[in-house]
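First up is the structure itself, then whatever we jot down about it.
The values are calculated or read from the model by the stated rules, or taken from the named source; none is laboratory data. All values reported here derive from a predicted model rather than from experimental measurement. Note that we place each Cβ from the backbone using ideal geometry, even for glycine, and neighbour counts take in every protein chain shown. We work out accessible area using only protein heavy atoms, side chains counted, and drop any ligands, DNA or RNA first. Shrake-Rupley method; radii C 1.70, N 1.55, O 1.52, S 1.80 Å.
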Amino acid sequence: MREIYFNSDITPKSINEIKLLALYYDKINIVNDEVYSPKFDTLDGDFKFTEVEDLQFIPNTFRTDYKLLIDENLIAITEKNRKLENENLFASEISKIVNANHDFIFPKHPTQKDGRIITEEVYDVMKNMWGFEWGKPIERNLIWWYYSIKLQWFLKLLLDGENCLSSSQNLNKLFSAFIKEHTGTNNNLGTKGFNKSLVLDALKISLPNPDLLSFEEILELKLKLKDELGLFYQTINSIEVKNKQLFDTNIQNNEYQSIFFNEIQKPLKELDANSGKSEHPIPVKESN
């Protein structure tokens, strides 16, 4: 079974990626967790603690929005606060990495002293998961915990030999920083599929705009392309075996793009030029 963990920001921008992943993978595990936030209110004239609010890492509407794929068992949501084998897995190292990259997550404002910029990624996370609106206090500590816990999930899953993927620029930056610092002392850490995804990139150039496809159409296409997707899996696997450097965190983007062009994009273009557009445009040509 082709299975992947999607450890990424779940925002409206994720929908097309999830559609393409659902087409290729048999199971997509959406990484979810939660942090707890105390709530206070004025009672009898006194400012008092009233309750604890759990803030999840997926939108409140996720189970409804993706109900069809969940019902088809294509999507599973990891249990909130799933017990890790070691709750303090790399806790101090993660804290150092996240703190060291604070200026990346919240860039300094170019003109305002001590001012910070709310990047599009952070804004999307706060808005779509926790209902943030301009004018409300910015929960910096919540964002700190968000990236810290998701980084811990990444490391835990990779130590378990799972295949993970994230499109979060911040999370991939933190993961790369951690791997560069700690692979020498922990050889069990793998890096397969942490952000470079031949599968996702190949599907993006091979299929119609996912915006045009409903979840029902994705399921129909998945069934119709069963044989092609099987060959596609073999092709991707052979390319990954041949190009092990794809999973090196030090690989430059232009190196990755060169391998991608030569191994997938170029053969696909040649195939289209020789035979015209395929009815099922999935790249299945084996690399040499």
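Here is a yes/no grid of residues against (1) over 21 Å from the mean Cα position of the chain (by Cα); (2) at pLDDT below 60; (3) over 30 Å from Ile97 (Cβ atoms):
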position: Gly190; (1), (2), (3): no, yes, no
position: Leu246; (1), (2), (3): no, no, no
position: Gln257; (1), (2), (3): no, no, no
position: Ala273; (1), (2), (3): yes, yes, yes
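Which one of the conditions (1) of a type in the set (Phe, Trp, Tyr); (2) out of contact with any Asp or Glu (no Cβ under 9 Å at 6 or more places or on another chain); (3) at pLDDT below 90 does Phe62 fail to meet, given that it meets all the rest?
The number of the failed condition is (3).
Examine the stretch 210-217 for a residue that is at pLDDT 90 or above and open to solvent by less than 40 Å² (accessible area, probe 1.4 Å), and state whether such a residue exists. So that I can check it myself, show each step before the final result.
Residues of the stretch 210-217 at pLDDT 90 or above: 214-217.
When the remaining residues are screened for being open to solvent by less than 40 Å² (accessible area, probe 1.4 Å), the result is 215.
Checked the stretch 210-217: at least one residue is at pLDDT 90 or above and open to solvent by less than 40 Å² (accessible area, probe 1.4 Å).
Any residue at all in the stretch 26-48 that's open to solvent by 20 Å² or more (accessible area, probe 1.4 Å), closer than 24 Å to Met126 by Cβ, modelled with pLDDT of 90 or more and of a type in the set (Ser, Thr, Tyr)? Break it down stepwise before answering.
So the first thing to find is which residues in the stretch 26-48 are open to solvent by 20 Å² or more (accessible area, probe 1.4 Å), and the list is 26-27, 36-48.
Going one step further and asking which of them are closer than 24 Å to Met126 by Cβ, we end up with 36-41.
Still in the list and also modelled with pLDDT of 90 or more: none.
Checked against the condition, which is being open to solvent by 20 Å² or more (accessible area, probe 1.4 Å), closer than 24 Å to Met126 by Cβ, modelled with pLDDT of 90 or more and of a type in the set (Ser, Thr, Tyr), the stretch 26-48 yields no hits at all.
Residues of the stretch 88-133 being open to solvent by less than 40 Å² (accessible area, probe 1.4 Å), under 27 Å from Asn60 (Cβ atoms) and of a type in the set (Ser, Thr, Tyr), which ones?
Scanning the stretch 88-133 gives a single hit, Thr119.
Please go through the stretch 134-143 and pick out each residue that is closer than 21 Å to Asp103 by Cβ and open to solvent by 50 Å² or more (accessible area, probe 1.4 Å).
Just the residues of the stretch 134-143 that are closer than 21 Å to Asp103 by Cβ, to begin with: 137-143.
Pro137, Ile138, Glu139, Arg140, Asn141 - these are the residues of the stretch 134-143 that are closer than 21 Å to Asp103 by Cβ and open to solvent by 50 Å² or more (accessible area, probe 1.4 Å).
So which residues in the stretch 171-183 are open to solvent by less than 10 Å² (accessible area, probe 1.4 Å) and in contact with a helix residue (DSSP H, G or I) (Cβ under 7 Å, 6 or more places away or on another chain), if there are any at all? It would help to see each step written out before you state the result.
Step one: of the stretch 171-183, the residues open to solvent by less than 10 Å² (accessible area, probe 1.4 Å) are 171, 174-175, 178-179.
Passing the criteria: Leu171, Leu174, Phe175, Phe178.
Taking the stretch 144-168 as the region of interest, how many residues are part of a helix (DSSP H, G or I) and open to solvent by 40 Å² or more (accessible area, probe 1.4 Å)?
Pass one, the stretch 144-168, residues part of a helix (DSSP H, G or I): 144-159.
Those still in the list that are open to solvent by 40 Å² or more (accessible area, probe 1.4 Å) too: 144-145, 159.
The total comes to 3.
List pairs: first in the stretch 248-273 and under 17 Å from Ile236 (Cα atoms), second at pLDDT 65 or above and charged (D, E, K, R), Cβ under 7 Å, 6+ apart or cross-chain?
Pairs found: Phe260/Asp201.
State which residue pairs qualify: first residue farther than 18 Å from Gln169 by Cβ and inside the stretch 88-113, second residue in a loop (DSSP other than H, G, I, E, B) and not aliphatic (A, V, I, L, M) in any location, beta carbons under 9 Å apart, and separation of 6 or more residues or different chains.
Listed pairs, sorted by first residue: Phe90/Asn186; His109/Gly115.
Do you know which residues across the stretch 229-239 are buried (at least 17 other Cβ atoms within 10 Å of the Cβ) and not hydroxyl-bearing (Ser, Thr, Tyr)? Walk me through it before giving the result.
First, pick out the residues of the stretch 229-239 that are buried (at least 17 other Cβ atoms within 10 Å of the Cβ): 229, 232, 235-236, 239.
Listed by number, the residues that qualify are Leu229, Phe232, Ile236, Ile239.
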